[in-house]
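J.: Handing you a structure now.
The values are calculated or read from the model by the stated rules, or taken from the named source; none is laboratory data. Since this is a predicted model, take the numbers as computed values, not measurements. Here the Cβ is made from the backbone with ideal geometry for all residues, glycine too, and neighbour counts use every protein chain on show. The accessibility values were calculated without ligands, DNA or RNA, using every heavy atom of the protein model including side chains. Shrake-Rupley method; radii C 1.70, N 1.55, O 1.52, S 1.80 Å.
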Amino acid sequence: DKAKVVALYATDATIEDPAGSPLKAGTEAIDKFYTNAVDKNIFLEITKVEELPDRTANVEVDVHVGTRVVQSKEIYTFKPDGKIATMKAFPPPKKD
């Protein structure tokens, strides 16, 4: 449910996916980011969550893009109220 996912983010949150790409900042940009994913039939399957100090979590996901599955790591930071402040996605290293 895209609306429920977007609601997890603070109104001033940012997404950097992939890391190093331009930030998606604020509710409108984050909603557009997830709308694009839904439109392209992209969804995530969380495979591991590691809670770290300072309201941070490392999350490993399988990104389903049609019939392809790509593994990714995401780092989330959270505000004191529990809302997501930032998300950065790091694709796996390229295989030689």
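J.: Condition test on VAL65, is it at pLDDT 95 or above, within 23 Å of LYS94 (Cα to Cα) and open to solvent by less than 50 Å² (accessible area, probe 1.4 Å)?
T.: No, not satisfied.
J.: Could you run through region 17-40 and say how many residues are within 13 Å of ILE84 (Cα to Cα) and touching a residue at least 24 places away in the same chain (Cβ under 8 Å)?
T.: 1
J.: From the list ALA10, ALA29, pick out the single residue that is among the aliphatic types (A, V, I, L, M), assigned to a strand (DSSP E or B), surrounded by 11 or more Cβ atoms within 10 Å (Cβ to Cβ) and modelled with pLDDT of 95 or more.
T.: From the options ALA10, ALA29, the qualifying one is ALA10.
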